[in-house]
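Inspection log for the structure reproduced underneath, given as structure tokens.
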Amino acid sequence: MTSWKDTLQVRDLEQGQRLEVTCKTCGHVHYLTRDSINDARPSDQRYLDEIERLTVCGARGCRGKVRLAFVRNGDTSGFVGGLA
Ligand SMILES: [Zn+2]
């Protein structure tokens, strides 16, 4: 199945774009940015589905599998059409 995670690489992320990381086991949420991903390991060439597989839950003692999601910066910015 193809999704944005298969087509976007870490280097395609904008500075400040946050990814929400939700643990499938315990529900713990933390956030990643391009910088924080590269702090853990050099990852600019990796696709985001690979990052999803490599990332584990940050909760103490859990280390469960996670799901990545984009965090939108502002809800209404995508709906400006027709207001000009
Ligand atoms: Zn967890």
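Restricting region 13-48 to residues that are within 9 Å of the chain's Cα centre (by Cα) and among the charged types (D, E, K, R), the residue that is nearest to Thr2 (Cα to Cα) is Glu20.
Evaluation of Val21 against the conditions (1) more than 15 Å from the ligand (Cβ to nearest atom); (2) at pLDDT 95 or above; (3) among the β-branched types (Val, Ile, Thr) shows that the sole unmet condition is (1).
Being surrounded by 12 or more Cβ atoms within 10 Å (Cβ to Cβ) and of a type outside the set (A, V, I, L, M) is the requirement here; does Thr2 meet it? Spelling it out, it is not the case that Thr2 is surrounded by 12 or more Cβ atoms within 10 Å (Cβ to Cβ) and of a type outside the set (A, V, I, L, M).
Only a single item in (1) within 16 Å of the ligand (Cβ to nearest atom); (2) at pLDDT below 95 is not met by Glu52, and it is number (2). Taking first residues from region 1-20 that are among the aromatic types (Phe, Trp, Tyr) and partners that are surrounded by 11 or more Cβ atoms within 10 Å (Cβ to Cβ) and modelled with pLDDT under 95, the Cβ contacts under 9 Å between residues at least 6 apart in sequence or on separate chains come to Trp4/Phe70. Pairs meeting the criteria (first residue in region 55-72 and touching a residue at least 60 places away in the same chain (Cβ under 8 Å), second residue within 11 Å of the ligand (Cβ to nearest atom), beta carbons under 7 Å, at least 6 apart or on different chains) are Leu68/Val21.
Does region 30-45 contain at least one residue that is part of a loop (DSSP other than H, G, I, E, B) and touching a Gly at 6+ places or on another chain (Cβ under 9 Å)?
Yes.
The values are calculated or read from the model by the stated rules, or taken from the named source; none is laboratory data. Given the structure is predicted, the values throughout are model-derived calculations rather than measurements. Cβ sites come from the backbone with ideal geometry, for glycine too, and all protein chains shown count toward neighbours.
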